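*Asks:* Have a look at the structure that comes next, please.
The values are calculated or read from the model by the stated rules, or taken from the named source; none is laboratory data. Computed from a predicted structure; not experimentally measured. Heads up, the Cβs are rebuilt from the backbone with ideal geometry, glycines too, and the neighbour counts pull from every protein chain shown. The area values use the complete protein model at the heavy-atom level, side chains included, leaving out ligands, DNA and RNA. Shrake-Rupley method; radii C 1.70, N 1.55, O 1.52, S 1.80 Å.
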Amino acid sequence: MTSWPGVRRRGRIVQLVVLAAVAVLVALPTASATSVNSPKAVPAASLLSANATWEGKNISQANTQGSAFSISANQQIYVNFSYVVPVGGPNVTVARIQAFYFGAVISTDQVSTVTRFVPGLAPDVAIGGRGSGVMNWSLGTFTYLLAGLYQLTASLVDSNGSTVWSENFFIDAKAVDRVASGLIIFLLVLGAVELWAIATVGRSVRKARPKRSGPPPPKQWEPTPAPGAGSEGTTPPPDAAPAEPASEVTP
Amino acid sequence: MSGASNAAGSGAVLGAVVIFLIQQFGFLSLSGFVGGLVYLVIAVIVGGILGGLAGWALTRNH
């Protein structure tokens, strides 16, 4: 029969495995998650200037966790990239937004940009071109699973695939329609189960241990047969009361 | 397995749950690999210690 602690230990292992599986599932939703570490912001060294707006607000306003943009998890966000390329600068082709969780990319949205090259208006104005890209960004297929604080990276990529500009910012995705997301529900249930397990640990230990028994009852004296004596030969203990003589029954 | 170690295991799981919940409620970002892992490991260790202490306190008279 399986003991109660054994069942609990196995249950705990199952819970840990489930928790790890959920974390992995959340962290690996995109097959294109090639990045293991969140990229650092790339300074706009080869661009004259670049910026991105999130529903009209510059993303640099949300560069800390405390100033994260608050959105609904299923909301579509209008993101506008704009940049100015110097003469001989990179050929920007793609604007991209990526969301990260434990260093893995969980969401990637990208659009092609359009660059209009402008000849130098004057000899001292070395403007190569202006470009822009417009994106309707959303958390994607995991809308009902994901809520919470996430770091996003907005970047501009040139035709060689190199990132020529990037900036990190934060969003706080609220659960859809004020209903807790799937992960929150799972975590709350798991937390309640573990709290209950800790609160009742004393009871489970009592159940698992055998009842503490008192000292064994004194054994009744049993006659020991004398060596070589027959079955009728008995030796009474020295402190035993003398046996009553068998009364003769007279008819 | 003693009650204290049972409760320590529960506390460790609870610590991880709390970290994930804090992230889900928007108070902590787990986007970075190293940063997220550090938060998680610390929470698991602290939860395990607190759970073990609670388990020891609850079972010491049994």
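*Asks:* Tell me the residue from B:50, B:58 that is in a helix (DSSP H, G or I), crowded, with 19+ Cβ neighbours inside 10 Å and in contact (Cβ under 8 Å) with a residue 24 or more places away in the chain, please.
*Replies:* On inspection, the qualifying residue turns out to be B:58.
*Asks:* OK, next. So, residue B:49, is that one modelled with pLDDT of 90 or more, more than 9 Å from chain A (Cβ to nearest Cβ) and farther than 30 Å from residue A:170 by Cα or not?
*Replies:* Against the criterion (modelled with pLDDT of 90 or more, more than 9 Å from chain A (Cβ to nearest Cβ) and farther than 30 Å from residue A:170 by Cα), residue B:49 qualifies.
*Asks:* Against the definition (at the interface with chain A (Cβ under 7 Å from one of its Cβ atoms) and more than 20 Å from residue A:66 (Cα to Cα)), how does residue B:32 come out, yes or no?
*Replies:* Taking the combined requirement at face value, the residue does not satisfy it.
*Asks:* When you go through (1) surrounded by fewer than 17 Cβ atoms within 10 Å (Cβ to Cβ); (2) outside any loop (DSSP other than H, G, I, E, B); (3) at pLDDT below 70 one by one for residue A:196, which number turns out not to apply?
*Replies:* Among (1) surrounded by fewer than 17 Cβ atoms within 10 Å (Cβ to Cβ); (2) outside any loop (DSSP other than H, G, I, E, B); (3) at pLDDT below 70, residue A:196 violates only (3).
*Asks:* Would you please name the residue that is farthest from the other protein chains (Cβ to nearest Cβ), looking only at residues in region A:70-84 that are open to solvent by 20 Å² or more (accessible area, probe 1.4 Å) and in a strand (DSSP E or B)?
*Replies:* Only one residue tops the list, namely A:84.
*Asks:* Taking only region B:1-45 into account, find how many residues are modelled with pLDDT under 90, touching a Phe, Trp or Tyr at 6+ places or on another chain (Cβ under 6 Å) and part of a helix (DSSP H, G or I).
*Replies:* Qualifying residue count for the region: 1.
*Asks:* Within region A:85-106, identify whether any single residue is modelled with pLDDT under 55, assigned to a loop (DSSP other than H, G, I, E, B) and over 31 Å from the mean Cα position of the chain (by Cα), and answer yes or no.
*Replies:* no
*Asks:* Just to verify a result, which residue in region A:137-158, among those that are at pLDDT below 85 and open to solvent by 10 Å² or more (accessible area, probe 1.4 Å), is nearest to residue A:63 (Cα to Cα)?
*Replies:* A:138
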